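This report refers to the structure that appears directly beneath it.
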Amino acid sequence: MIHTESKWNRIRSNLLARPDLAERYARQRRAFARMRAMVEDLDAARAKAGVSKAELARRTGVDAASLRRLFTSDASNPTLLRFLEVADALGIEVRLAPAREARADVVLVGGSTRESTRRRG
């Protein structure tokens, strides 16, 4: 069986040949990777605090299944509002901080320990 390039791959290759679209695509991929890293940091803070996902769902008023998907699905892409609601329920402050490059990092600062986590995408 001969493997041929899929139609989607051909379309994507053609689109990414345009520098403006290639840059936009790269920006979106970086943004998604940063959001995923932030969600992982938030889940780690939840676990460190000893808060179950069910308890966090109760605190936020978010459906428990939706909250589990937020933390476990690689495809989850929460709204900023949802992310901030969950962070607030864990006593975590979210701040923007200048990055060394032209992008901004997001720093999660948790409770009284004032721990910071930086992720670069």
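The values are calculated or read from the model by the stated rules, or taken from the named source; none is laboratory data. None of the values given here were measured: they were computed from a predicted structure. Because the Cβ atoms are built from the backbone with ideal geometry, glycine has one as well, and the counts that use them run over all protein chains shown.
How many residues are β-branched (Val, Ile, Thr) and closer than 25 Å to Ser76 by Cβ when one looks only at region 1-55?
2
Residue pairs, Cβ under 6 Å, 6 or more apart or interchain, first in region 49-69 and free of Cβ contacts under 8 Å to residues at least 40 places away in the same chain, second assigned to a loop (DSSP other than H, G, I, E, B). List them.
Arg69/Ser76
Would you mind listing the strands (runs of 3 or more DSSP E) fully within region 17-121 where at least 2 residues are at pLDDT below 90 and exposed (fewer than 12 other Cβ atoms within 10 Å of the Cβ)?
Filter on region 17-121 gives 92-98.
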